[in-house]
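*Asks:* Handing you a structure now.
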Amino acid sequence: MKLRVDKDICIGCGACQATCPDVFEINDEGLAEVIIEEIPEELNEDCLDALEGCPVSAIIEEESEEE
């Protein structure tokens, strides 16, 4: 699984970081970012919770090259 944050719509609320701190953090600009390139399978459920919990739908799942 690969995710990215659309910085044009992110409001930096921190819900993603609270849900899955191994994958998301709030950067110096106050916006969320994905901090690992390829998300390990054991974090998929937490990442999907973060994606679904984003109040502005700024988290986007990208297709992996293997798919």
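*Asks:* What about residue 15, is it on the phi < 0 side of the Ramachandran plot, touching a helix residue (DSSP H, G or I) at 6+ places or on another chain (Cβ under 7 Å) and touching a residue at least 40 places away in the same chain (Cβ under 8 Å)? Steps first, please.
*Replies:* Details: on the phi < 0 side of the Ramachandran plot: yes; touching a helix residue (DSSP H, G or I) at 6+ places or on another chain (Cβ under 7 Å): yes; touching a residue at least 40 places away in the same chain (Cβ under 8 Å): yes.
Against the criterion (on the phi < 0 side of the Ramachandran plot, touching a helix residue (DSSP H, G or I) at 6+ places or on another chain (Cβ under 7 Å) and touching a residue at least 40 places away in the same chain (Cβ under 8 Å)), residue 15 qualifies.
*Asks:* Moving to a separate point now. Suppose we filter 28, 8, 22 for residues that are charged (D, E, K, R) and surrounded by 12 or more Cβ atoms within 10 Å (Cβ to Cβ); which single one remains? Quick ask: steps written out before the conclusion?
*Replies:* Details: 28 fails: surrounded by 12 or more Cβ atoms within 10 Å (Cβ to Cβ); 8 fails: surrounded by 12 or more Cβ atoms within 10 Å (Cβ to Cβ).
Unique residue meeting the criteria: 22.
*Asks:* Check whether at least one residue in region 19-38 is more than 10 Å from the chain's Cα centre (by Cα), without any contact (Cβ under 8 Å) to a residue 12 or more places away in the chain and in a helix (DSSP H, G or I), and report yes or no.
*Replies:* No, that holds for no residue.
*Asks:* What are the pairs with Cβ atoms under 7 angstrom where one residue, in region 49-64, is surrounded by 11 or more Cβ atoms within 10 Å (Cβ to Cβ) and the other, located anywhere, is acidic (Asp, Glu)? Sequence gap at least six, or different chains.
*Replies:* 51/61; 58/6; 60/6
Here, each number is a calculation from the coordinates, and none is a lab measurement. Since we're looking at a predicted model, the values are computed, not measured. Counting neighbours? That spans all protein chains shown, and the Cβs are built from the backbone with ideal geometry, glycine included.
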